[in-house]
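Notes follow once the structure below has been shown.
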Amino acid sequence: MLWLTSEVTKQLLAIAEEKSKQMSLSSNIAIVDNGGNLIAFHRMEHARIAGN
């Protein structure tokens with residue numbers, strides 16, 4: 001089983017944000033473990049607040 005370290009999680013957030021920018025999107029980015037538990041969350045500037 002792969003465990004995500006905080007360093008790997010930060011890298012994944014950065015990669016996801018860059019891809020979102022390439023697609024001209026403002027995204028909410030969530031990283032979860034294999035049980036669906038939240039590890040990290042990042043809301044980019046101008047991204048919609050969930051539920052709206």
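Quick check on my filter: what residues within the range 24-35 are assigned to a loop (DSSP other than H, G, I, E, B) and among the hydrophobic types (A, V, I, L, M, F, W, C)? Give the derivation first.
Within the range 24-35, the subset assigned to a loop (DSSP other than H, G, I, E, B) is 24-27, 33-35.
Selection gives L25 alone.
Report, by residue number, each residue of the range 36-52 that is among the hydrophobic types (A, V, I, L, M, F, W, C) and part of a loop (DSSP other than H, G, I, E, B).
Quick first cut of the range 36-52, residues among the hydrophobic types (A, V, I, L, M, F, W, C) only: 38-41, 44, 47, 49-50.
Scanning the range 36-52 gives M44, A47, I49, A50.
Quick one: how many residues across the range 26-51 are of a type in the set (V, I, T) and in contact with a helix residue (DSSP H, G or I) (Cβ under 6 Å, 6 or more places away or on another chain)?
Residues in the range 26-51 being of a type in the set (V, I, T) and in contact with a helix residue (DSSP H, G or I) (Cβ under 6 Å, 6 or more places away or on another chain): 3 in total.
When you scan the range 1-23, do you find a residue that is in a loop (DSSP other than H, G, I, E, B), free of Cβ contacts under 8 Å to residues at least 60 places away in the same chain, of a type in the set (S, T, Y) and in contact with a helix residue (DSSP H, G or I) (Cβ under 9 Å, 6 or more places away or on another chain), even just one? Quick ask: steps written out before the conclusion?
Going residue by residue through the range 1-23, those that are in a loop (DSSP other than H, G, I, E, B) are 1-5, 23.
Adding the requirement that they be free of Cβ contacts under 8 Å to residues at least 60 places away in the same chain leaves 1-5, 23.
Subsequent filtering for residues that are of a type in the set (S, T, Y) retains 5.
Filter once more, keeping what is in contact with a helix residue (DSSP H, G or I) (Cβ under 9 Å, 6 or more places away or on another chain): none.
No, the range 1-23 has no match at all.
Bear in mind that the values in this text are calculations on the coordinates, not laboratory data. Quick caveat, the model's predicted, so the values are computed rather than measured. All Cβ positions, glycine included, derive from the backbone under ideal geometry; neighbour counts span all protein chains shown.
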